[in-house]
Amino acid sequence: MELDLFSQPPPRKTPPPEPVLRIWTVGEITRTVRTLLEDKFDEVWVQGEICNFRRQASGHCYFGLKDEKALLSCVLFRSYVPVNLPMADGMLVQARGRITVYEARGQYQLSVTLVQPAGAGLLLARFEELKRKLAAEGLFDPARKRPIPRDPACIGIVTSPTGAAISDFLNVARRRAPWVRIVINPVRVQGTGAASEIAAAIREFNHPFFEGKIDLIVVCRGGGSMEDLWAFNEEIVARAIAASRLPVISAVGHEIDFTIADFVADLRAPTPSAAAELALPDRAAMLRHVAQVRSRLQRSMDSILLNHRRRLESVARSAIFRFPQRLLQDRAQRLDTAVAQIAAGRERALRVRRERLATLLAALRQHRPDQVMALRRFALEAQQRKLRAAMDAAMAKKLNRITHLAGVLRVLSPDATLARGYTITTDPAGAPLRSAAAARTAQHLKTRFPDGTVDSEIL
């Protein structure tokens, strides 16, 4: 092997990364297993023998289902506990539910929703399952049930035209109400496709073509096993009955047989013959009722005629028929009395009105405007004379008072004193000097004489 010193060394390969080790928690593992089991198994049916059965105070039940090879833990919650099936250890049952995992113990179990004896079979399970489903939707609610017409004119029958059910129904119908029309919509009542035919026949009777022509639908067939009656336990039939605008009577099987159609229908009859008795009026009963009504009507008419006859006889015996002229005379006398009363009332009313009018005229004369104005003018003139006299007297009194005061003023006036030879000496402020001492302190004096004043100064 030769080495080329000038060539580049071959590239070095990078080793692959080591895988990262994931650490799972117990809860993650348990939840993953639970998800795998629940995705793998939908609802399953399991048959086995009950063991370790116990009912908790909460009402939930815990037990196991075992066979010769294995044991499966089960839980049955209170809302799914069957009322009419007492459960105990050793019972062989069929249980329906979902496979799940109780994570707190890491234990897989069957969450049971339905328990039935092992011999009941899957048909009963399907029956109970559909019954619960439709009940939850309200299809069995009594509030939605429609009343059955009392006197139908036409009834539509959904049944087999060759079965005993239609014969029984028609026999009763001919006996009870032969005037009622019966329209048969023939269908198969068992086997593959029977449920679809029954539902289609019910929908056909509800077609607008039959509106106002059919009053009631009867779905019926004779007795048989659960498999024979199964067409009336199909959901398509139940929903067709629920959607019907016409009332529906279900008469399937015998008295002990119950189907889903019985629960959805507006009325359940135990047999086709009973359905005819419930749907149709009884001719004999109607005739008896008519006879009773006729008898009551006859008695009522006889009583009314008797009362009217007695009343007529009483009226015929009265004075009005025996002495009709007396009645006319009484009425004429009453009319004369009324006329006299009216005339007297009229005269009395006129007299009262005349007296009232005279009173008003007298009051009007007393309140004539010209007389009132003359009286007011005379009173005003008298008041004016009184005012003028009072003013003159007051003026004279005031004038005398002024004259007297003027005389008093003249007597008391300084001018009168000066006229008698006296003088008045005042200081510079004009105040009169009453003593020699006051004159010495004043220095400047003013002396007033009757004919003038003289200023002087004290040295």
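Quick note: the coordinates plus some simple rules give every number you see, no bench work behind them. From a predicted model like this one, the values you see are computed outputs, not experimental measurements. Every residue, glycine as well, gets a Cβ built from its backbone with ideal geometry; the counts of neighbours run over all protein chains shown.
What is the ratio of the Cα radius of gyration of region 146-281 to 2.2 N^0.38 Å, where N is its residue count, to two decimals?
Working: Rg = 13.2 Å, N = 136, 2.2 N^0.38 = 14.2 Å.
Here the Cα radius of gyration is 0.93 times the empirical estimate.
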- Item | Cα-based Kirkwood hydrodynamic radius, region 74-127, one decimal, Å | 12.2 Å
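For the pair Val183 and Val290, what calculated FRET efficiency results from E = 1/(1 + (r/R0)^6), where r is the Cβ-Cβ distance and R0 = 30 Å, to the nearest 0.05? Each step should come with its number before you reach the end.
On the way: r = 28 Å, r/R0 = 0.92.
Once rounded, the FRET efficiency stands at 0.65.
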- Item | Peptides 324-334, 144-154 ordered by average Cβ neighbours within 10 Å, highest first | 144-154, 324-334
- Item | Tilt relative to the chain, helix 121-136 - C-alpha long axis, 0 to 90 degrees, to 10 | 10 degrees
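Given axes a ≥ b ≥ c from the Cα gyration tensor, I'd like to know whether region 250-350 is rounded (a/c under 1.5), prolate (a/b larger than b/c) or oblate. Please list the in-between numbers first.
Numbers: a/c = 13.09, a/b = 3.10, b/c = 4.22.
Oblate, because a/c is 1.5 or more while a/b does not exceed b/c.
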- What percent does the relative contact order of the chain come to when contacts are Cα pairs within less than 8 Å and at least six residues apart? 8 percent
- Give the label of the value calculated from the structure for volume of the Cα convex hull per residue in Å³, choosing from [x] 198; [y] 1126; [z] 250. [y]
- Message: So if I take the alpha carbon set of region 307-424, get Rg, then get Rh from the Kirkwood formula, what is the Rg over Rh ratio?
- Response: 1.90
- Whole-angstrom gap from region 63-133 to region 421-438, using each part's C-alpha centre: 151 Å
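Within the chain, what percent of beta bridges assigned by DSSP are antiparallel, to the nearest 5? It would help to have the intermediate numbers written out before the result.
Working: 38 of 58 bridges.
Percent antiparallel among DSSP bridges in the chain is about 65.
At a Förster distance of 25 Å, what's the computed FRET efficiency of Phe209 paired with Leu278, Cβ-Cβ distance as r, to 0.05? Present the calculation step by step, with values, prior to reporting the outcome.
Details: r = 26 Å, r/R0 = 1.05.
Efficiency, rounded to the nearest 0.05: 0.40.
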- Message: Give me P(r) over region 26-133, computed from all C-alpha to C-alpha distances, binned every 5 Å, as integer percentages.
- Response: 2, 11, 21, 24, 20, 13, 6, 2, 0
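Tell me, in nm to one decimal, what length is gained between Leu92 and Arg377 on full extension, where the rule is 0.36 nm per residue of separation less the Cα-Cα distance?
Numbers: separation 285, 0.36 × 285 = 102.60 nm, distance 13.68 nm.
Working it through step by step, the gained length comes to 88.9 nm.
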- Task: Arrange the peptides 362-371, 191-200 so that the one whose residues have, on average, the most other Cβ atoms within 10 Å appears first.
- Result: 191-200, 362-371
- Query: If we sort 84-97, 32-45, 378-391 on the protection proxy, mean other Cβ atoms within 10 Å, highest first, what's the order?
  - Reply: 84-97, 32-45, 378-391
- Message: Test of understanding: what is the full-extension gain from Trp45 to Leu350, defined as 0.36 nm times their sequence separation minus their Cα-Cα distance?
- Response: 98.4 nm
- Query: Given a Förster distance of 45 angstrom, what is the FRET efficiency for Gln366 paired with Ala389, based on the Cβ-Cβ distance and rounded to 0.05?
  - Reply: 0.90
- Message: Could you tell me how far the Cα centroid of region 174-224 sits from the Cα centroid of region 367-389, in Å?
- Response: 118 Å
